Structure formats: structure tokens, C-alpha cells
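Input: a single structure, listed below in C-alpha cells.
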């Protein structure tokens, strides 16, 4: 075969014959989960170049003491952009891409549950990324760290637009991530192949499923914090400004309530990849599947509980520190369980050290180191000494690079044959592996020592102290090893795409369903599926005389398959808890005591009660509309639907009038903490009512045009859930904002 | 008073509590005889003693909000759970009653007991009035029993499915954490009666504030944290048990083929 035909054959995989005519749009307009997965990864790769160059600039600045390559401001830009980019624009998109590609295949589905939502999610990533990087043209990027602690990130101290772009960009990315999380959950719940019960999910799919819950629970906390920061910066709010009575520490609480789970949002997919690759390359089923699966649930749970250990140095007091030391140390248990299980899987196996396995073993070892230094940070007194030093930098890079990037690389070497139909080069793979591992350990292992020697992080240069110079030099050299490894890796990707060895359907003799179809899979994924009785259907298929023990069906819940649209809306509603929860808690925190000046006493409770009754009544009317639909009485359904829209409209108008009269009496967002919290909480609820009304109008329009037959109109029930949810939120908001001051 | 004197001299020999312990033991033996599961009941009654008779009760009676919170958690979560576990596995209770069988009711009972009794007037009244205090104790045990029924009913078919139970426990943890967070960071006193103990009946105020270093502010913080962290760990332990239930293979000697294929 000469080069030309090979290239044509590869392009044949990239585009179907029909698509050649409009090839420019074929990938841009795709809703196929496989292409979206690849787009996610490619976008992540582009931003990896950005984040990587920023990292190299940081290391070049630090190569010698008192260096003047980057000034202090530029250095702050670099580490802020590096952190933000690597987490939100590299780690998350690339992992979402792998999950997007593999999850539907592994559960025997045709596609994700909501393909168009999936496309929205992927295109929000470049949108957010461009917004973030546009700040370079708009007066300079943010210089406040990826955590953007207040009050530094507030307008008086960061008056450039950088922080605004940062916050808006993360909001866009957060919305995209939540949409992807919802999609993963609903896909697992509704798109599984027959026989693929929840207990038969392979570990990768199970972990993606659990991780998606963490995404929809944690990301909205960040979204809430970001809108509060933006209200402070753009509308003169007072949430985090100490001189307005606000609390700068509150930002840290909310940020880390998101930030700690975020670590697991990117770590659990890495665990998922290890759990898939290690057994296949040890030729053994995973040791203690149930323990690995259950420990994932526990990690999800615990990760939401321990954020305060990021704040030991803030001065929360010994009492609070003590509780969070204990809770944080507990996380070592489920993660330790995983490490033991992966190691035990390799023991006694016929281990093949090909590139995917090499990366995964390295990830396991680096995670062991990162995990142990992590436990050392859970101990408050040690944390006080090392938190602002390079010891912490070394710790979290062991997690983010050592565990996560290595697992991603292992995963790409493992699944690239499935995605492209061609193998990556084993020879170049070994080169990239050694460049990456040696480079990584040169860069970061020595930073433990630097940190313990007292070198502070987030500082643009350092004095020529004994030992610091050569250690920094080693660290910088290591970074360039990793850069070389990365370039070689991309070279391998490109050349193998055209000239790689053909892979066949199942080059690794793996056992899960993604290997039961061609490489790359056809648009519809499968022609036929093998029967599924266990977690390794291809093993059973290949070894009919000694199959895995059948995993029995564990009751109705094991085969649970809810309606897709309703499951989607319910999952979305769960994701809203975090958002409104933060806004409500913030309101309570700032309004616990009655202060002088305008306050809740000034609100016209009677008028709002009347409007609220309209809103509560609309829950009844939409229920009646559904009753009408079930009775196949379309006239009744439409009439009650219109009544719902009218009642919701009255509420919105009422809220508008209330806002108007408050504005007239001089109560605006920036007046004081009451006004800031009041307008934010009721305003975001109002916004939800408004979007609910739009959805109701769409549903009404569809009902008027299409006249649904036989009571089949799931959109109405789905909007109904959302509408009830908006009403329930108002029950809480109304009680807290309007009724509570009356009885206090 | 020294700490040692405190631990020896402040036991509350409450007749009603002692009588209910005896009654529970007698009733259990009469109904189910002496099985191994009576150990759970004895453990449960031990926790009951710890909550209501040991010095913890003296502290909770007007001195320390955090002691009250610990008492609250023990009575709501630990005692009823151990009582459920003490029942022989054939016992069926309340499956006929819609009210008790509904998971939503169970959830509201468990979480509501936390929120309701920390409303400021009720929290104060439970300290100042003996009657309200007795009402609080019995309602906590009752509501805890309703809450745990979904998880710990002796018969497998009366419990929630494991994934449902995980959601039930997880959301209960979140709901209690929110209250715990509010109490921990609240700038105002949640239960003002603890901020100024009316009379130092036991003469231990000095011991608590100087020797132990627990000021009213810190006291409330500990109370909130108890609800926020250790209480969630109780739910977490229950979640671990549910996961074990979910992943446990029912013993199947012959391969069981499912109907869906």
C-alpha cells in the first residue's frame, strides 16, 4: 500500500462518502458522540499547548535566582492562566472527551442520551477558552491565581477586566460541564444495552456515572460563587468586600466546596482509566471489583465534606481544623482501597508492559506519592508549614500530572486504536513514556525538598540561597523533558493516524463492549451485541466453556430505565440544588442579625404574598394540565397550560413592580449587604421563572401545532417537574426572605 | 470542681429513663427471647444511658450546646438504629401503614427532627422546661425510628433498594450538613439559653470555661461541627453498608439467567 491510498483510507474513516461534499461542516455540526469526544480531546490538546507554554515560561523564569525574564505581573498572569487552563480547558475537556467516546460504546448504546446537548457542551469549551484568552487583548489576563481569592479579585484591587473574563469564561465552562454531567447520568440510566444492568457496568462506566453526580453537585457551587463575584465587580455588590461588611473568607468556603470535589472530578476518570487498563494488561479480572466500585461512591461522598482542609491557614480556629483533619484523613481509606486493588490485580497476572500499561503503572506510583503527601496536608500543623511552599506544588502536580495526565496518556494509547483503527507506535510510545516520567520526576520530586527548604510558591523569583539554584535548575530541565515528550506524543498521534499498524477490532484482547465493534466504530456503533451476563461480555463470548460468573439481576432498580426527558430534567433539578443552596445560605449568613438601614422589614409582604399565591397556584394548574393530557382531553390540557403561563406571568410582573418600587426608594444592588443578597437570590429565582415561562410557551406552541396523540407528550411532564421545582424554591425563598423577619 | 469530680458526681439518675430501659429489656425478652441480637439492644441501651444518664446529660441541661447536640445525634441516629438491628430478622413492622412505609415521610422525620428542634424558641424551651425536654427526647427516638425503618427494617423486602437508600442517606446528610454549616458560622446564638446559663446549679461553669476552654462561641461551633461532620459519617457508615448490600452476590449455585435476554 503506498502512502496516498493509506491517507485516503484514513480520510475515509474521518468522513463518510456523503460528507465529502460538505466536509467543512461534517465535524462542526456533528452530534455523534464519537466525533464530539474527539473534538473535546483536540480542543483540550490546543489549550494544552497554551498551558504548557505558560508552564515553560514559569520554569524559565525560575531557572536562576533573581531572574528578570518575566516581571512579577507577567509571572502572576502566567501561573493564573496556567492553572485555570490546565484544569478547566485541558484536564476536564480531555477526560470528558474520553468518557464521551467510550461510555456509550462500553454500555452498548448507540449514542449519548442527548446528542445535541452534547454538541453544545463541546462547543462551550472553545467559547469559554477564547473568552479567557481574550483578556490578553483587554488589558491583561487575570493575575489572581486559579482560585481568585477575594478581596484581591474584587474590583478595587484588580481593576482590569482580566478577572471579569476569567469569571465569565469559567461560568460558560461550568454550564458546559454540568450539561455533560447530566448527559452522562441520563445516558447510563436510559441507554444501556439489554442485559447491561447497573451492577454489570464495567468499572470505567460505573466511575463515569458516579463522577457525573459529582460534576452536577459541585460545579454549580462554583457557578454561584462566580455570579456573586461578577455582581460584586460589575454591579457594585458587596458579597466579598470586607469594608462593605462582606466576608472575603466566604469566597474561599464556596470556592473550595467546589474546588475539593473538582480534584476528584478529574481524578475519578483517571481512576476509571486505570481500572480498565490494568486488568486487561495483567490478563486478570480486576481484584475486588465491588470494592473499587463502592470506594468510588464513598470518595464522591467524602469529597463533598472536607473542603475546609484547604483553609487551615486561613485561621478558622482549632475547633474547625480538628474536625476537618479527622474527616480529611478518612479519604485515605477509599483511595487506599483502590491502590491495593490495582496492585493486587497485577500480582500473579501475566503483565504486559506495553505503553498503555507503562503509563498506568507510572500513574499508580505517582498517585501513591501524591496521595501520601496529600495525607500530610490533611494534618493541620504540617499544612501550616508547607501550604504556601513548593511542597504543595509538588503534591498537587503529583496528582494532576503524575496521576491524571499519565492516566490520560495511558488511556489514549489504549483507546487510540479503537478511535482511529490504527495502533500508536510502540517504539515512540516508550520514548514518550520515559521522557515524560523522567521529566516529571525531575521537575516535581525535587520541589518537595525545595518546599521543605522554605521556597514559597506564587512568587516570581527567589534569592540565591544554598541549594535552591541547582534544584530549580533541575526542575526546569525536567520541564523541558516533558515538553519534548509531549511533542513526540503529538508526532506519534499524527503519523500513526496515517501510517500506523491497522488495529483490528480488539488489539489488546480486552473484554468490554467497545471492543465488540469495528475500529473505528460505524456511525451507529454496533451491528450486533454479544449477550451480556457479566462485566466482561467479550471474555464470556470468547470463552464459552469458562465464562465469568453471571452477575444476577438485583431487582427492579438494577434494570431501572426511566424516561429520558424526565430523567434529564430531574438531573438538571438536582444540579440546581447547589446553586440555590449557596445563594440561600449566603442570604442567611448576611441577614442573620437585623441591621440598621433598609432591610427585610421594608419589603411589602402582603403584595408579595398575593403574587406568591399565584405562583404556588400555578403548580396546581400545570398538574391539572397533565391530568388533562392523561385523560386525552387536549382542550383541558391547553386551557390549564395557558392558566399556568398567566399565573407565572403575574408573578414575574409582580416581582418587577416590587423591584421598581425598591429602586424608586433608592434600594439598589450595591446599597448594602441586604440589598445585594436580596436582589441576587430573588433575581436568580425570577430568572428561573422567566426561563420556565419560555419553556411553557414553547410547550404550548408545540401542543397547539402538533396536537399530541394518546396522551404521549413527555415534554409537558418534564417542564412540569421544572415548574414545580421553581415553585418549591420560592417556598424556601419566600419563607426566609419575607416570613422569617416577621417571626424573628 | 475538678474534671474527675465532675465525671463521678454529675450522673442524672433519671427514674423515667431507668424505667424505660428496664421496660425495653423485659419487653424484648418477652417478645423475642434471648437471641444473639439482644446484644444490639444492650448496645443501644448503653448509648441511651450515655445520652441521658451520664454526665453528658448534665452538660446538655443548660451548660453546653455541643453536649446537647451530641445527645441529639445519639438519640436520633444511634439508639433507634441499634434497636432496629436488635430485632429478629422475621419481624415485620408497620408495612401496612402508608405513613411509616413511605420513604419521603421517613426522610422528613429524620431531617425534620434536626431542623425543628433547633428553631430558637424550641431549642430554648427544651432546656428550660422539663416537659418539653421529655417531649424532645421521646420525639427524637420516635422520629429516628421512622427514619431508619427505610434502611434497617429487619425484612429485606421492607427496606429501600440500595441505590435508593444511598440517595436517601446522602440527601439526609446534605440537609443536616446545611444546618450544621449554618450553626457553625452563624454570627448569632442559635440557642441563646446556652450563651448565658441562668444559674450555675452544678458549679461547673468555671470548670468548663477555664479548665476546658469552651467558651459559648466555641461551644456553638463544636455543636455545628458535630452535626456537620461526625453526623455525616454516621450516614456514611450506613451508605457503606448499603453498598455492601448492593454489590453482594446473592448466593447462586446455578447460573441465573435473567429474563431480559
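Bear in mind that the values in this text are calculations on the coordinates, not laboratory data. Given the structure is predicted, the values throughout are model-derived calculations rather than measurements. We place every Cβ from the backbone using ideal geometry, glycine too, and count neighbours over all the protein chains shown.
Quick look at the values:
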item: Simple spin-label estimate for residue B:115 and residue A:127 in nanometres, 7 Å along Cα-Cβ; result: 3.5
item: Centre separation in Å (Cα based) which lies between the range B:125-191 and the range A:645-717; result: 34
item: Rh (Kirkwood; distinct C-alpha pairs) - the range A:591-743, Å; result: 16.6
item: Cα-projected label distance for residue A:494 with residue A:16, points at 7 Å along beta-carbon direction, nm; result: 3.0
item: Helix-only [θ]222 nm of the protein assembly as shown, DSSP H runs n ≥ 4, -39500 (n - 2.57) each, per residue, nearest 500; result: -22500 deg cm²/dmol
item: Cα centroid of the range B:16-90 to Cα centroid of the range A:537-570, whole Å; result: 42
item: Förster radius 56 Å - calculated FRET efficiency between residue A:735 and residue A:382 (Cβ-Cβ, nearest 0.05); result: 0.80
item: Rg/Rh for the range B:112-157, where both radii come from Cα atoms and Rh is the Kirkwood radius; result: 1.14
item: Modelled FRET efficiency - R0 25 Å, residue B:157 with residue B:34, Cβ distances, 0.05 increments; result: 0.40
item: For the range A:190-299, alpha-carbon Rg and Dmax in angstrom; result: 19.7, 63
item: Quarter of Cα convex hull surface for chain B, i.e. mean projection, nm²; result: 16.9
item: Spin-label proximity, residue A:715 to the range A:632-665 - amide N less than 16 Å from point 7 Å beyond Cα toward beta carbon; result: A:637-639, A:641-642, A:645
item: Of every Cα-Cα pair in the range A:1-154, the percent that sits beyond 23 Å; result: 52
item: Ranking of A:659, A:359 by count of other Cβ atoms within 10 Å, fewest first; result: A:659, A:359
item: Whole-Å distance, taken between Cα centres, linking the range A:130-200 and the range A:584-625; result: 30
item: Point-to-point label distance, residue A:352-residue A:438, nm (Cα→Cβ direction, 7 Å offset); result: 2.7
item: Candidates B:63, B:28, B:40, ranked by Gaussian network fluctuation over chain B, Cα under 10 Å, top entry; result: B:28
item: Cα-based shape type of the range A:220-264, given that a ≥ b ≥ c are square roots of the gyration tensor eigenvalues and the cut on a/c is 1.5; result: oblate
item: Rg/Rh ratio calculated on Cα atoms of chain A (Kirkwood radius); result: 0.98
